[in-house]
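The values are calculated or read from the model by the stated rules, or taken from the named source; none is laboratory data. Because the structure is a prediction, the values reported are computed rather than measured. Please note: Cβ atoms are built from the backbone with ideal geometry, for glycine as well, and neighbour counts cover all protein chains shown. Side chains are part of the model used for accessible areas, which takes the heavy atoms of the whole protein and leaves out ligands, DNA and RNA. Shrake-Rupley method; radii C 1.70, N 1.55, O 1.52, S 1.80 Å.
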Amino acid sequence: MAKTILTVDDSPSIRQMVSFTLKSAGYEVTEAVDGQDGLDKAKLKSFNLVFTDQNMPRMDGITLIKSLRALPQYKATPILMLTTEAGEAMKTQGRAAGATGWLVKPFDPNKLLEVVKKVIG
Amino acid sequence: MSIDMGQFYQTFFDESAERLEEMESLLLSMDIEAPDIEELNAIFRAAHSIKGGSGTFGFTDMTEVTHVLENLLDRLRKGEMTPSEPLTDVFLEAVDVLKAQLNGHIRGEPTAPESKDAVCRKLLEFSETFDGSHSSANPEIDNDIEASEAIYRIEIQPAKFLLKQPAILETMIEELTRQGKLETLQQPVIKGKKKKTDKSTPWVFRLTTSTSAKTLQETLEFLIPPKDFSIEHVVDVTHPAPVSDDDLGFGFFDDLPLPPPDASTDESVETVTTGAPSAVEDTGFGFFEELPLVPAAEAPASRPSGKPKLPQGASKTAASSGNGDSSIRVSVERVDQLINLVGELVITQAMLAQTGAALDPVTFERLHAGLAQLERNTRDLQESVMSIRMMPISFVFSRFPRVVRDLAGKLNKQVELVTVGETTELDKGLIEKIADPLTHLVRNSLDHGIEQPDVRIDAGKPAKGTITLSASHQGGNIVIQVSDDGGGLNRDKILDKARERGLAVSEGMSDNEVWMLIFEPGFSTAEVVTDVSGRGVGMDVVKRNITEMGGSVGISSEAGQGTSITIRLPLTLAILDGMTVGLGDSLYVIPLNTIVETLQPQAQDIKTVTGEGRMVHVRGEYLPVIALHNVFNLATDITDPCDGVLVLIEAEGKKAALFVDALVGQQQVVIKSLETNFRKVVGVSGATIMGDGTVALILDVPTLIKLGQ
């Protein structure tokens with residue numbers, strides 16, 4: 001059974017790119033348009049991996065990660081932040097919220113797959 | 001795997017264009033005194049999003065601008081900077097540059113870097129002004145990634161007190177982690193049954209940080225005696241620019257138990273490490289916490305064994321809702337194709353209806369019922385399809401706050417723009433075409449209409465002028481109005497100017513006729529020709545554009561009170577409410593919105609004026625009679641207006657009586673362009689196919705009225 005990935009980003013082009021890349025590598029991908037949407041979708045179904053952007057309307061990435069970590073089924077799910085900020089502040093926040101790691105934008109599809117393979121094989 | 005990024009470009013272009021519009025309107029509506037934090041966040045997100053996308057898809061010139069912009073916006077929303085009018089101006093300028101860059105990419109011709117560099121410089125100047133002394137002379141780098149970092153090797157001796165109080169070590173590790181990227185290279189080995197720590201092996205950490213060695217030294221001295229640790233400067237690292245190709249661009253925060261092959265490699269390289277190999281760190285991704293691989297592998301396995309059906313059902317809902325957006329993007333061509341097909345269907349339906357009408361209603365009852373239903377469904381289908389092309393007029397209105405702001409600043413006038421009825425929908429084609437004429441009208445109102453603040457105050461009006469843009473539906477038309485509360489049109493000045501230009505004018509002209517003079521080619525009443533509007537070209541072009549759209553323009557003005565220009569447009573370009581009239585063997589369609597009334601004249605109402613043809617007397621007005629059979633040189637038996645029908649038509653404030661044989665009926669017709677299928681014919685604006693398959697020409701009323709004069 002294909003591994004399932006939830007990608008949360010308010011930018012349609014990034015979402016499309018991430019989704020296309022992961023799908024063409026055989027993963028099953030669900031898209032969400034912001035943190036709230038991501039949380040709603042995550043509750044409907046368990047995912048093997050969650051990618052989330054940080055800056056989004058309605059609910060940002062950090063809040064999403066915190067909310068996911070509060071759910072029993074997402075205690076141990078890898079959650080990666082897609083972010084343009086690789087600074088300390090972001091890392092501290094991400095770590096505190098319970099993120100597993102980060103991926104700096106811009107990135108190319110191969111990098112994305114490399115990271116995903118490292119996390120869920 | 002190689003993935004063609006080109007396939008995502010269109011989405012990026014659309015998205016960025018939308019974001020830029022959003023940024024612009026938010027910037028314009030922003031309250032400088034008390035900016036709404038949510039709005040600032042939204043502007044920031046827009047810049048951020050474009051930055052992420054442009055970097056990913058390789059449009060790095062846009063990344064550069066958004067990067068600087070984003071940093072400023074970030075500080076703004078964090079309250080580190082205060083918004084100001086000049087700052088907003090630079091932001092708007094940056095948005096303009098981004099728009100130009102975006103359009104450049106869409107066309108495939110990247111823009112020259114000068115404007116980009118200029119705006120980046122301006123933005124940086126702002127951040128420097130606010131910075132004062134230190135650090136952020138180059139905020140570009142400061143905010144995102146440390147400009148330069150160094151790697152230190154930190155060795156800590158396993159002294160007794162440290163072993164007894166692991167909390168100290170934990171605190172220290174925590175402290176170092178705050179400073180930068182900390183990796184454990186080695187830790188004391190625990191040996192034997194008593195779990196005795198081998199004191200010969202120290203803890204060895206590698207810290208990548210921008211903090212200076214001195215600060216590190218001080219930090220550690222708080223916790224550990226200086227003799228027990230050493231800090232060694234290994235190498236300076238300069239991080240590549242965020243956009244650079246060398247940036248590996250991902251990272252994990254903490255130790256990650258990696259899949260076996262990787263893990264084994266790591267062990268061979270890094271002797272006693274806990275598994276976060278530097279190789280992984282250097283590629284720029286990381287993990288916060290130890291993450292067992294188990295759950296990922298377990299989840300799919302455990303689910304089928306438990307409740308096999310539920311997850312599948314759930315996964316279906318998630319997948320269907322996962323496709324997410326409540327709207328989809330479809331190219332205009334496809335919509336147009338759909339509209340064309342529906343148009344054909346409407347014609348086919350009309351043909352069937354006509355054929356069916358000849359059949360006996362009793363014998364063919366079910367056929368008639370079916371045809372009636374077909375008609376209803378076709379009409380609904382047609383309406384639905386047409387509504388796809390409908391867009392709210394806010395798409396056009398949204399550009400005006402910017403226009404007004406820029407222009408008012410240039411002219412030193414105070415102007416408030418009020419928009420009414422932004423949700424009024426009209427055809428996308430019209431939206432695109434109405435933008436330029438409307439812009440011209442708004443500029444005109446601002447330049448010629450609204451007075452200087454002191455003049456206004458002298459006239460007892462508020463210093464701040466108001467321009468109102470409104471849109472509404474009236475019958476089958478959309479009415480757009482541009483009104484100002486300025487000085488109004490000056491009748492004498494217009495008349496003088498008209499005489500100067502050699503136009504036929506007289507003192508006896510009605511106000512309305514005088515106002516319409518400003519739409520004549522080569523007319524301008526501006527005392528000084530400004531670069532804003534009014535070179536005498538323009539108003540006539542505005543009128544021509546609107547007429548080409550099948551619309552009309554009207555003007556009303558009150559001295560000292562202001563001027564209001566009203567544009568009437570058909571709701572759509574594809575379908576027309578028309579009156580079908582018969583002439584000889586042919587059928588013609590008159591647009592319903594141009595018809596005032598129809599009448600059968602009495603002989604005494606028709607007067608023949610020498611050299612001017614026939615006139616008809618209708619309720620005190622004398623209107624020229626235009627015989628359609630003369631215009632098109634057709635043979636007809638009816639040559640006396642009293643035997644036929646006069647259709648009173650009106651366009652551009654002028655009326656005439658069109659003489660036709662008979663009225664046939666009122667119906668909606670699908671407009672087919674005559675020019676694309678045949679050629680332009682004077683007096684005809686298009687053609688349509690009637691129910692029986694014959695072609696009927698749609699009359700160009702404004703031209704016909706002109707012919708009659």
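Quick notes on this structure:
- The stretch B:374-419 and the stretch B:461-512 have Cα centres separated by 22 Å.
- Long-range HN-HN contacts of A:Thr52 with modeled amide H, under 5 Å: A:Val8, A:Leu80, A:Met81, A:Leu82
- Hydrodynamic radius of the stretch B:5-142 by the Kirkwood approach over all distinct alpha-carbon pairs: 15.1 Å.
- Per-atom-type breakdown for the stretch B:392-570 gives carbon and sulfur 48% of the accessible area (1.4 Å probe, protein chains only).
- Under 5 Å, built H, 5+ apart or other chain: amide partners of B:Val664: B:Thr580, B:Val581, B:Gly582
- Distance in nm between pseudo-label sites at B:Ala435 and B:Lys78 (7 Å out along the Cβ direction from Cα): 3.7 nm
- Peptide A:107-113 - average C-beta neighbours from other chains (10 Å radius): 6
- Bridge type composition, the stretch B:344-490 - antiparallel percent by DSSP, nearest 5: 65 percent
- Using a Förster distance of 41 Å, the FRET efficiency for B:Asn633-B:Glu513 (Cβ separation, nearest 0.05): 0.80
- Point-to-point label distance, B:Arg379-B:Ala112, nm (Cα→Cβ direction, 7 Å offset): 5.9 nm
- Interface size A-B, as summed buried accessible area [1.4 Å probe, Å², nearest 100]: 5000 Å²
- Cβ-derived FRET efficiency at R0 25 Å, B:Glu85 paired with B:Val455, nearest 0.05: 0.60
- Equivalent ellipsoid dimensions for the stretch B:387-510 as semi-axes, Å, which come from the Cα gyration tensor, largest first: 29, 22, 13
- The modelled label-to-label distance between B:Met351 and B:Thr363, using points 7 Å beyond Cα along the C-beta direction, is 2.3 nm.
- Taking every protein chain into account, the 1.4 Å probe leaves B:Arg376 with about 120 Å² of accessible area, to the nearest ten.
- DSSP assigns beta bridges within the stretch B:575-707; of those with both partners inside it, close to 90 percent run antiparallel.
- Per-residue extension of 0.36 nm, minus the Cα-Cα distance of B:Glu558 and B:Asp643, leaves a gain of 26.2 nm for this segment.
- The calculated FRET efficiency for the pair B:Leu503 and B:Gln666, based on their C-beta separation and a Förster distance of 45 Å, comes to about 0.75.
- Interchain or long-range residues, amide H under 5 Å from B:Thr201's placed H: B:Val189
- For the stretch B:575-707, the calculated P(r) over all alpha carbon pairs, in 10 Å bins from 0 to the bin holding the longest distance, is 12, 45, 34, 8, 0 percent.
- Viscosity 1.306 mPa s, 10 °C: Kirkwood-radius Stokes-Einstein D of the stretch B:5-46 over Cα pairs, µm²/s: 141 µm²/s
- Average beta-carbon neighbours from other chains, 10 Å sphere, peptide A:92-104: 6
- Per-selection Rg to Rh, chain A - Cα, Kirkwood hydrodynamic radius: 0.92
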